[in-house]
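The values are calculated or read from the model by the stated rules, or taken from the named source; none is laboratory data. Computed from a predicted model, the values in this text were never measured in an experiment. Using ideal geometry, Cβ is built from the backbone for each residue, glycine included, and neighbour counts are taken over all protein chains shown. Ligands, DNA and RNA are excluded from the accessible area calculation, which covers all protein heavy atoms including side chains. Shrake-Rupley method; radii C 1.70, N 1.55, O 1.52, S 1.80 Å.
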Amino acid sequence: MSMLEDTRNAGVRLLVIGFTLLLAGWIIPTAGIVGFVFMFAGVVVAGAAQLVLAVLQRRWFWPFYILSGFLVMPQWLFTWMRLRQEEPNLVLGTVTLVVPLVLIGWWMLGEFIGRLLYGADPVKQRRSWREQLQEVRSIVAQGENAGLPRRLPDAPRPPPSLRLDAALTLDQLFTLLRRHGSKTPELRRLPTEAEIADMEAALGVHFTPDYRRYLREVSHLVLGDYVLATITDAQAPTHLPRLIEAARHRGLPEPLLPFCEANGDYFCFNARGEIEYWSAVSATNERWPRFADWMRQTWLRDALEEAA
């Protein structure tokens, strides 16, 4: 998603440059025209990138809000071009003073409504790798008080060296997930013990203790590019039976139970409760002993390093 974020930021820069040229239009009329074009292009680029980001993050308010704005903006453009021939100075003042305020107000209103619906933007919640490393160390320090050994070094290291310590317990991993993850409306609510038992009975399996705790305590959160299966909403694309059906269609063998899709491949439980990575295009022997190991070594590690 970083390319989309860069595109959105580039659109904002075009908007700022266009506004600056509009101000210069009071002295050089041609600059005002160029500035308006830059502003319009910036709004289109930033809005389109935000639209795609919202779809990928399943924040369905933003597509409706942005598309409705795009329907109104051409009307502004046609009105401006018509009035420009009648009263250029009046139009220049209107564009310079009113349009930027309208655009800023429109975007701020969308941000406000988005926060009410979904909470803070996960992209804006990202902090530097040093801050994340400090949080990891504070959690490890809590483990030290419980008698766990310290594994992280004293000196800070660059992002590629950031690793989640093997001493972190499942509770501590859940704490990291709560701090960095975000809720989405698609994931609805946490399942009850009865719903987890019903899903096990329907699938004819027994979830591992780590995975049961994940479902019960933090399965309503998402982090990074991985979106794990859910069991509370049968209509969601992440519903576990749907995920299993799609995986079987791609050729996933029967003994494996998928719980997370990764670009057409799957992370799965095998018959021994271990986690295997299965790919439809190439053989792989990647394996993790427990769900907690997979969380630490793959999911949370990749998400935190990407955010850094």
**Item:** Cα→Cβ-extended label distance, 7 Å offset, between ALA280 and LEU116, nm
**Value:** 4.1
**Complete:** Residues meeting the amide H criterion for HIS239 (H placed from the backbone, H to H distance under 5 Å, 5 or more places apart or on another chain) are THR230
**Fill in**
Taking R0 as 41 Å and r as the Cβ-Cβ distance between MET3 and ARG216, the FRET efficiency 1/(1 + (r/R0)^6), rounded to the nearest 0.05, comes to 0.70
**Exposure ranking of ASP171, ASP210 by accessible area [1.4 Å probe, largest first]** = ASP171, ASP210
**Asked** If we count every other residue with Cβ under 12 angstrom of ARG272's Cβ, Lys/Arg +1 and Asp/Glu -1, where does the sum land?
**Response** 0
**Prompt:** For ARG179 and VAL37, what is the calculated FRET efficiency with R₀ set at 51 Å and r taken between the beta-carbons, to the nearest 0.05?
**Reply:** 0.75
**Asked** In nm, what is the difference between 0.36 nm times the number of residues separating ALA48 and ARG301 and their Cα-Cα distance?
**Response** 88.1 nm
**Pairwise label distance in nanometres, ILE27 with THR192, each label 7 Å out on the Cα-Cβ vector** = 7.1
**Message:** Taking 0.36 nm per residue of sequence separation and subtracting the Cα-Cα distance, how much length would be gained by fully extending the chain between ASP225 and ALA10, in nm to one decimal?
**Reply:** 75.1 nm
**Message:** Assuming 0.36 nm per residue, please report the length gained on full extension of the stretch ARG287 to ARG250 beyond their Cα-Cα distance.
**Reply:** 11.3 nm
**Item:** Positive minus negative residues near ASP210 (Lys, Arg vs Asp, Glu; Cβ under 14 Å)
**Value:** +2
